[in-house]
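Q: One structure follows; several queries about it will come next.
Bear in mind that the values in this text are calculations on the coordinates, not laboratory data. A quick note: this is a predicted structure, and the numbers were derived from the prediction, not measured. Here the Cβ is made from the backbone with ideal geometry for all residues, glycine too, and neighbour counts use every protein chain on show.
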Amino acid sequence: MKKIEFFKHSLGEEEIGRVSKVLHSLFLTIGDEVYEFERRLAGYLELPYAAAVTSCTAAMQLALLAGGLKPGDEVITTPLTFIGTVNSILMAGGTPVLVDVDRATANIDPAAIENAVTARSRAILPVHLYGQMCDMTEIRKIADKHGLFIVEDSAHALEAEWNGKKSGHYGDFACFSFYATKNITSGEGGAISVKNLEQYELLQKLRLHGFDRNAVDRYTDHFQQYDINVLGWKYNMDNIHAAILNEQIRKVNTFLERRREIYLRYTEAFSGWEGIELHRIREEAEHARHLLTILVDPARRDSIMKELQRRGIGVSINFHPLHLMTYYREHFGYREGMFPRAEDIGSRTISLPFYPKLTDEEIEYVIATVKDVVGGS
């Protein structure tokens, strides 16, 4: 039986060679490879600064803190996201306020954000789901109107644009993921883009215990005693992970072009097919093509997934709305029916194999099998 994995990374000999050099060098922790990746990432985003950390969740926590979030401050976000989004708010001492999504795109609904603003609101955390940026024009207007700052969850959206501007241009911060299934990867990792020098310098401290000097500063030439004047965490990226990313980011456009080809093939095949619905791409958006999701009959979704897996196709769900998960129900009183559009999408969505290493033959097999299992014409 044919076996098509849900995801395969695109690491090559260049990444292996660069990691090998790091392993033969003096500094394995934060150092020159990290600083080079930060410069490369900031340059790619056309922003002044980027700080590399251990995950996107850590990135969002630190961005919220650098933005001035205080205990009990409210942060408005979406229930249709990975749990790290809301967890980062809790980790930063904030209170998550969930609002529903736009049915056509699955991204957070700006009108719902506006309706959720209170005197305790401090920030908006929009999630650029599947690779399409949210309506950042409207979200920026809302933030400016109410004096809020914006942290963009750009875990899916490294290459995405809204009206020609990448993540981090509309928000005060943008947070990225380099987890194993992301468009560029180091297995684990994240980063924060920021436009303000003072906030960038604070992020450098927050990611490393609050140190005013890192290991390279402390041990190169003569030992220098460090000091701390802020409570920090152990979230710094190391040279090993950064070495992988320095090669991955050189290939980002090549990967994107191949994913565009695959995305087009899938969407052309499924558009108008009975029993399958696709999300809308807004005219203002340049899609990063991170996930390829289809929507099917909720009564059949789980059985369709089981049959696809039986036929050798790896699938996933992105996402089961997090307000329906036990922890959030018990701690925040969420219940079914509170966010009907997010719940509808969550009950119908299936993510298909989607990555540059997919062969044309594998793509055709996925398409044919999905059509056969779903039925329709």
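Q: May I ask for the angle, rounded to the nearest 10°, between helix 136-146 and the longest principal axis of the chain, with both axes built from Cα atoms and the value confined to 0 to 90°?
A: Its long axis makes an angle of about 50 degrees.
Q: Moving on. How much length is gained on full extension from Y44 to A104, taking 0.36 nm per residue of separation minus their Cα-Cα distance?
A: 18.7 nm
Q: For the chain, take the longest principal axis of its alpha carbons; what is the angle in degrees between that and the long axis of helix 360-374, to the nearest 10 within 0 to 90?
A: Helix 360-374 and the main axis of the chain meet at about 60 degrees.
Q: When you count, for each residue, the other Cβ atoms within 10 Å and take the mean per peptide, how do 171-181, 264-274, 55-65, 362-372 rank with the highest first?
A: Descending mean neighbour count gives 55-65, 171-181, 362-372, 264-274.
Q: Of G210, G333, G131, which has the largest mean-square fluctuation in a 10 Å C-alpha GNM of the chain?
A: In this elastic network of the chain, the residue with the biggest mean-square fluctuation among G210, G333, G131 is G333.
Q: Figure the gain on full extension for K357 and D372 (residue separation times 0.36 nm, minus the Cα-Cα span) and round it to one decimal in nm.
A: Stretched fully, the K357-D372 segment lengthens by 3.0 nm.
Q: Work out from phi, with θ = phi - 60° and the Karplus expression 6.51 cos²θ - 1.76 cosθ + 1.60, the ³J(HN,Hα) of each residue of the stretch 343-348, listed in order in whole Hz, and give x for Gly and Pro.
A: Result, rounded to whole Hz: 5, 4, 5, x, 7, 10.
Q: Lysines near K234 by alpha-carbon distance under 16 Å, same-chain residues fewer than 8 away left out - which ones?
A: K205
Q: Given R₀ = 25 Å, what would the calculated FRET efficiency be for Y35 paired with K8, taking r from the Cβ atoms and rounding to 0.05?
A: 0.25
Q: A follow-up question, please. Could you pull out the pairs from K8/K195; K21/K166; K165/K251; K141/K166 whose alpha carbons sit more than 27 Å apart here?
A: K8/K195; K21/K166
Q: Tell me, what is the FRET efficiency for Q309 and F332 to the nearest 0.05, using R0 = 45 angstrom and their Cβ-Cβ distance as r?
A: Here the calculated transfer efficiency is 0.85.
Q: The stretch 285-364: which trypsin sites (Lys or Arg not before Pro) are DSSP loop and have at most 14 other beta-carbon atoms within 10 angstrom?
A: R335, K357
Q: If you compute semi-axes √(5λ) of the Cα gyration tensor in Å for the structure shown, which of [x] 35, 27, 17; [y] 50, 28, 18; [z] 38, 23, 20 do you land on?
A: Checked against the structure: label [x].
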